[in-house]
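Please treat every number below as a calculation from the coordinates, not as lab data. The model shown is predicted, which means the values in this text are computed figures rather than measured ones. Cβ: placed from backbone, ideal geometry, glycine included. Neighbour counts: every protein chain shown.
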Amino acid sequence: MVRKISKNEEKKHSFFKLLAGFNTDSVRIPQKFLKLILKDLSERAILKLKDSSDSSWTVTVNKRREGAVYFKNGWEEFIKDNSLGTDNEMLQIFYEGKMHFSIRIFAKNGIERTEELSSSEEEEEDSEDNTSEDLEADFTKIGSLHNSTFAKNTTKGPRGRPRKLLCGSVNQLRVKNK
């Protein structure tokens, strides 16, 4: 789903954050962005998903001595409730005013995650459960690639360099499965 950006949204200040699994307990507000909201800074902030009025999360705003400001208590709940932090998602965080923020979530492929996409992705995942036969077929394909003319049973590659083997245990797996 492609979404048009409204004129009002273009004027709002925002910043991006990459969630890589290790920063799920808090998120730092960038210094340059902080200067834009300094007059409104308070101990609490409200987070909502962009284009959704269903839920909101209250987070504490912690200021450290060195001047860094973080969303803290309540951030973990936001992460958990939206199933974030496990797949390198990107967040775009918009400042709406009076310590209210709206958030757009992007998957690692750059596509915005919406409710419609989330439900269709779950259906795809349910229909793509790997069975042991599927895994065995995948290993067979790997083994046939390895034994093809592309990967001859030589120790040298096309430029005289040592050949890298795909997986030393592929042949062992085929022997065990027979």
Note down the nm distance, to one decimal, between modelled labels 7 Å out along Cα→Cβ at Ser83 and at Gln31.
3.8
Final fewest-first order of Thr24, Thr86 on the 10 Å Cβ neighbour count is Thr86, Thr24
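If each residue of separation counts as 0.36 nm, what is the full-extension length gain between Ala107 and Phe94 once their alpha-carbon separation is subtracted? Could you put the intermediate results ahead of the total?
Details: separation 13, 0.36 × 13 = 4.68 nm, distance 1.74 nm.
My answer for the length gained is 2.9 nm.
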Taking only C-alpha pairs under 8 Å that are 6+ residues apart, what is the relative contact order of region 7-113 in percent?
35
Using label points projected 7 Å from each Cα along Cα→Cβ, tell me how many nm separate Leu18 and Ile46, to one decimal.
3.3
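Between Rg and the Kirkwood Rh of region 7-113, both from Cα atoms, what is the Rg to Rh ratio?
With Rg and the Kirkwood Rh in hand, the quotient comes to 0.93.
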